[in-house]
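Some notes on the structure that comes next.
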Amino acid sequence: MQETLSLSYRRIVLIGFRGSGKTTVAKELAWKLGWEYVSTDDLIEARIQTSISEFVEKKGWQSFRRQETAVIAELREKKNAVIDCGGGVVEYPQNMAYLERNALIVWVDAALSDIVMRLQNDSSRPLLNQPDLVQDIEYNYRRREPLYRGYGQIYVNTSEERLTVICRRITEKLLS
Ligand code: S3P
């Protein structure tokens, strides 16, 4: 597959709200393409030597965002990879400037009800800035939606489409 890929895209970058299904799509795509799966959250955790939730609890979101940008800067030349980004990556234009190089940017979306359901039992993602989970999701989803829309070159929805269809649409776009 690698030899036949269009030269305009050397990697795939997945953006979208937490709980939208980016990781599932990214792993499947990486497997199908024979590309490396890269998670910015995993790289951040390796760098900070603790979990994101513990780090945020001790040092706050701003410190986390600095770590995130440092990790993304290191990925700016990364090729033949599917890059699974944290949901807040779109908030900083510098992150996107690094990520957009030679990349197909995919906006992975899902129904808000599914996002709420997926995040309900997940303590690994601390609340962003609102007092409860549903408010936090609704407020931040609405705030970020125009950013995801603006950066995404292709839109997929894990509540509406099957994983195989999503991956096929993305690889078709890659080859177009
Ligand atoms: C964040 C999403 C998380 C992680 C961190 C911040 C966000 O990644 O980067 O908790 O700002 O929405 P996922 O989108 O993979 O959950």
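Checking 65, 18 one by one, the residue that is assigned to a helix (DSSP H, G or I), surrounded by 15 or more Cβ atoms within 10 Å (Cβ to Cβ) and touching a Gly at 6+ places or on another chain (Cβ under 8 Å) is 65 and no other. For region 103-135, a tally of residues being buried (at least 19 other Cβ atoms within 10 Å of the Cβ) and in a helix (DSSP H, G or I) returns 2. Being among the charged types (D, E, K, R) and either crowded, with 17+ Cβ neighbours inside 10 Å or more than 16 Å from the chain's Cα centre (by Cα) (or both) is a description that applies to residue 169. So which of 151, 141, 155 is more than 14 Å from the ligand (Cβ to nearest atom), buried (at least 17 other Cβ atoms within 10 Å of the Cβ) and of a type in the set (Phe, Trp, Tyr)? So the residue among 151, 141, 155 that is more than 14 Å from the ligand (Cβ to nearest atom), buried (at least 17 other Cβ atoms within 10 Å of the Cβ) and of a type in the set (Phe, Trp, Tyr) is 151.
The one condition from (1) away from the ligand (no atom under 13 Å from the Cβ); (2) among the acidic types (Asp, Glu); (3) free of Cβ contacts under 8 Å to residues at least 12 places away in the same chain that residue 114 does not meet is (3). When residues of region 80-89 are filtered for being within 12 Å of the ligand (Cβ to nearest atom) and aliphatic (A, V, I, L, M), how many remain? Number of matching residues: 2.
Within region 52-68, being in contact (Cβ under 8 Å) with a residue 40 or more places away in the chain and near the ligand (Cβ under 10 Å from one of its atoms) holds for 52, 53, 56, 61. Inspect all residues belonging to region 92-107 and state whether any of them is within 12 Å of the ligand (Cβ to nearest atom) and either on the phi > 0 side of the Ramachandran plot or not small (Gly, Ala, Ser) (or both). Yes, there is a match, as at least one residue in region 92-107 is within 12 Å of the ligand (Cβ to nearest atom) and either on the phi > 0 side of the Ramachandran plot or not small (Gly, Ala, Ser) (or both). With respect to the conditions (1) more than 21 Å from residue 23 (Cα to Cα); (2) within 11 Å of the ligand (Cβ to nearest atom); (3) not in a loop (DSSP other than H, G, I, E, B), residue 71 lacks only one, and its number is (1). With respect to (1) assigned to a helix (DSSP H, G or I); (2) under 17 Å from the mean Cα position of the chain (by Cα), the lone exception for residue 12 is condition (1). Among the residues making up region 13-24, a single one is in contact with a helix residue (DSSP H, G or I) (Cβ under 6 Å, 6 or more places away or on another chain) and more than 10 Å from the ligand (Cβ to nearest atom): 13. Can you find even one residue in region 114-122 that is of a type in the set (Asp, Glu), in contact with a Lys or Arg (Cβ under 9 Å, 6 or more places away or on another chain), closer than 21 Å to residue 29 by Cβ and modelled with pLDDT of 95 or more? Taking every residue of region 114-122 in turn, none turns out to be of a type in the set (Asp, Glu), in contact with a Lys or Arg (Cβ under 9 Å, 6 or more places away or on another chain), closer than 21 Å to residue 29 by Cβ and modelled with pLDDT of 95 or more.
Only residues that are within 10 Å of the ligand (Cβ to nearest atom) and either at pLDDT below 95 or part of a loop (DSSP other than H, G, I, E, B) (or both) were counted across region 36-50, and they come to 0.
Looking at 28, 77, just one residue is more than 9 Å from the ligand (Cβ to nearest atom), acidic (Asp, Glu), farther than 18 Å from residue 151 by Cα and assigned to a helix (DSSP H, G or I), and that residue is 28.
The values are calculated or read from the model by the stated rules, or taken from the named source; none is laboratory data. Not measured: the values here are computed from a predicted model. Because the Cβ atoms are built from the backbone with ideal geometry, glycine has one as well, and the counts that use them run over all protein chains shown.
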